[in-house]
Amino acid sequence: MSDLIYWIILGFIAGALSGMVVGGRTARGCLPNIVVGVLGAIVGGWIATQLGFERGPGFIAAVVVALIGAIVVRVLLEVISPNDRA
């Protein structure tokens with residue numbers, strides 16, 4: 001149960017920070033930020049392993065990896081979202 005709470009907190013932090021960095025129209029609010037952040041943690045972890053980085057100890061390292069992944073996820077969401085400009 002504590003792992004789930006850890007992932008939710010990590011996801012919220014990464015999602016909220018990525019929302020400040022990227023901006024745009026997609027995935028706003030508490031629950032979408034958590035979803036983007038958790039997906040970002042998965043994507044960031046995959047990217048870090050592909051680049052040969054070892055798993056870093058600590059919460060700050062996890063937030064940095066999740067933030068990088070969340071930025072990637074948010075940019076991809078922005079690219080694939082329908083453009084409502086006329």
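Highest mean first, how do 28-41, 64-77 rank when packing is the count of other Cβ atoms within 10 Å averaged over residues? If you can, show how the numbers build up before the last one.
On the way: 28-41: 19.4, 64-77: 21.9.
By packing density, highest mean first, the sequence is 64-77, 28-41.
Can you give the translational diffusion coefficient of the chain in µm²/s, computed by Stokes-Einstein from the Kirkwood radius over Cα pairs at 10 °C and 1.306 mPa s?
Working: Rh = 12.9 Å.
Value of D from the Cα-based Kirkwood radius: 123 µm²/s.
Report the full-extension gain for the segment L51 to L31: residue separation times 0.36 nm, less the Cα-Cα distance, to one decimal in nm. If you can, show how the numbers build up before the last one.
On the way: separation 20, 0.36 × 20 = 7.20 nm, distance 2.98 nm.
Here the answer is 4.2 nm.
Expected output is a single nm value to one decimal: the length gained when fully extending between V21 and L4, i.e. 0.36 nm times separation in residues minus the C-alpha distance. What is it?
Details: separation 17, 0.36 × 17 = 6.12 nm, distance 2.54 nm.
Value of the extension gain: 3.6 nm.
Read-outs throughout are calculated quantities, based only on the coordinates presented, and are distinct from any laboratory measurement. Not measured: the values here are computed from a predicted model. In this analysis, Cβ positions are derived from the backbone assuming ideal geometry, glycine residues included, and neighbour counts consider all displayed protein chains.
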